[in-house]
Amino acid sequence: MKREKFERLLEEQAHNPQAKISFEIEKVKLDVATLVIETRREAGITQSELAARVKVPQSTVARIENCENTSIDTLSKVASALNKKLIVSFE
């Protein structure tokens with residue numbers, strides 16, 4: 001039932017340009033959160049350990065992993081702390 005309601009909502013909003021933009025923004029935040037979580041876990045470190053490497057509070061890492069906004073500067077520091085490179089592109 002919930003799935004049907006969600007699919008109907010998506011269909012209704014498919015022609016709404018503002019809804020499409022909002023959806024894309026949330027998708028990017030989800031993608032970033034997923035990448036940070038997976039990369040941190042692959043490195044075998046906790047949120048607290050990552051936060052210490054980045055020199056931010058643990059709550060900052062938690063917010064990123066919970067799909068909240070963050071700056072490019074912070075994401076770059078997170079990537080560096082995980083021995084990765086942040087790459088941003090427009091497609």
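The values are calculated or read from the model by the stated rules, or taken from the named source; none is laboratory data. A quick note: this is a predicted structure, and the numbers were derived from the prediction, not measured. For neighbour counting, all protein chains shown are included, and Cβ atoms are generated from backbone atoms with ideal geometry for every residue, glycine included.
Taken as a whole, the condition of being exposed (fewer than 11 other Cβ atoms within 10 Å of the Cβ), outside any helix (DSSP H, G or I) and among the acidic types (Asp, Glu) applies to Glu91. Taking the criterion of being basic (Lys, Arg), without any contact (Cβ under 8 Å) to a residue 12 or more places away in the chain and closer than 30 Å to Ser59 by Cβ, the only residue of region 1-40 that qualifies is Lys27. Within region 13-53, the set of residues being out of contact with any helix residue (DSSP H, G or I) (no Cβ under 7 Å at 6 or more places or on another chain) and at pLDDT below 80 comprises Ala14 only. Kindly provide the set of residues from region 1-23 that are surrounded by 10 or more Cβ atoms within 10 Å (Cβ to Cβ) and acidic (Asp, Glu), ordered by number. The answer is Glu7, Glu12. Filtering region 68-84 to residues that are of a type in the set (Lys, Arg) and surrounded by fewer than 17 Cβ atoms within 10 Å (Cβ to Cβ) leaves only Lys84. Out of everything in region 41-85 that is outside any helix (DSSP H, G or I) and under 16 Å from Leu30 (Cα atoms), what residue ends up being farthest from the chain's Cα centre (by Cα)? Ranking the candidates gives Ser71 first. As a summary of the residue check, Ala43 satisfies the conditions (1) within 19 Å of Leu86 (Cα to Cα); (2) surrounded by 11 or more Cβ atoms within 10 Å (Cβ to Cβ); (3) free of Cβ contacts under 8 Å to residues at least 40 places away in the same chain except for the one numbered (3). Among the conditions (1) surrounded by fewer than 13 Cβ atoms within 10 Å (Cβ to Cβ); (2) assigned to a helix (DSSP H, G or I), the only one that Val32 does not satisfy is (1).
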